[in-house]
Amino acid sequence: MKISTLTLGMLTLGVLMSLHSTAFAQNSAKEGLERIKSNLNNSKTNLTEYEKNLKTVEGNLGEVGKAKGQVEGQQKQVLQQVEENNQAMGKVGSKEKDITALINEEKSKTALENQKIQEYEAMIAKIKENQKKREANVADYQMQLNQLQEEKKIWQSRAANLKDQHEQVSQKIRTLANEEKEWKAKQQGYQGEVKRWSKEVERQQKISDSYNSLAEVK
């Protein structure tokens, strides 16, 4: 059931007249009105300040979110590079095993051919020629092996660097996550204050309207 502003003013006036003299009631009403106006102005000021703080917090959260997205993108790139590096190292290791097996195979054949020299004098020249070829193969394979071992060292060094980069990026993400958590906590606090002072402004406005109506009636 709603009561009109005029009716509320009449009822309030009747109560005041029954309790106090007319002169004292007028003075009290003026003083009350001044206090209400002061409370209303203070509430509006607080509301404006907390709204400004809330905007600042929300802006900071946006910047933190952007920075976090960039760092997460860097982390994804580093992880991809780590995966590619591991695959490359796996291929190098496989090739190393294959070439080592070829070297051992060639050495075994050379040892066998040395035995055949004593058995087949007529084939000595041909066997020696084969030896030269196989020695050349061994030298070539050894050179390839040396190159692969150097390449392996490079990949291992790169893997160590990527590991350091990954740790740095992970640390950045943890730092930004903590910062984001702090800003969100501040955001909740400011949102609560804005809500509280909004209600206070509304309450003070209603009180001010009631006293203004009362003053108009007088």
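Condition check: over 30 Å from Glu31 (Cβ atoms) and of a type in the set (D, E, K, R). Does Arg196 satisfy that? No. In this structure, Lys116 does not qualify as within 20 Å of the chain's Cα centre (by Cα) and of a type in the set (Lys, Arg). Confirm whether Arg158 is open to solvent by 70 Å² or more (accessible area, probe 1.4 Å) and closer than 18 Å to Lys91 by Cα. Yes: the conditions hold for Arg158. Residues in segment 184-218 that are hydroxyl-bearing (Ser, Thr, Tyr) and open to solvent by less than 60 Å² (accessible area, probe 1.4 Å): 4 in all. Between Glu129, Glu121, Glu105, Glu113, the distinction of being touching a helix residue (DSSP H, G or I) at 6+ places or on another chain (Cβ under 6 Å) and of a type in the set (D, E, K, R) belongs to Glu113 only. Scanning segment 99-146 for residues that are open to solvent by 60 Å² or more (accessible area, probe 1.4 Å) and either of a type in the set (Val, Ile, Thr) or closer than 23 Å to Ser157 by Cα (or both) yields Gln142, Met143, Gln144, Asn146.
Within segment 161-183, being more than 18 Å from Gly73 (Cα to Cα) and open to solvent by 90 Å² or more (accessible area, probe 1.4 Å) holds for Asn178, Lys181, Glu182.
Restricting Ser208, Ser213 to residues that are in contact (Cβ under 8 Å) with a residue 12 or more places away in the chain and closer than 27 Å to Asn53 by Cβ narrows the list to Ser208. Across segment 40-94, which residue is modelled with the lowest pLDDT among those that are closer than 30 Å to Ile207 by Cα and among the aliphatic types (A, V, I, L, M)? This residue is Leu40.
The values are calculated or read from the model by the stated rules, or taken from the named source; none is laboratory data. Here the structure is a predicted model, which means the values were calculated and not measured. Heads up, the Cβs are rebuilt from the backbone with ideal geometry, glycines too, and the neighbour counts pull from every protein chain shown. Surface areas here come from the heavy atoms of the whole protein model, side chains and all, with no ligands, DNA or RNA. Shrake-Rupley method; radii C 1.70, N 1.55, O 1.52, S 1.80 Å.
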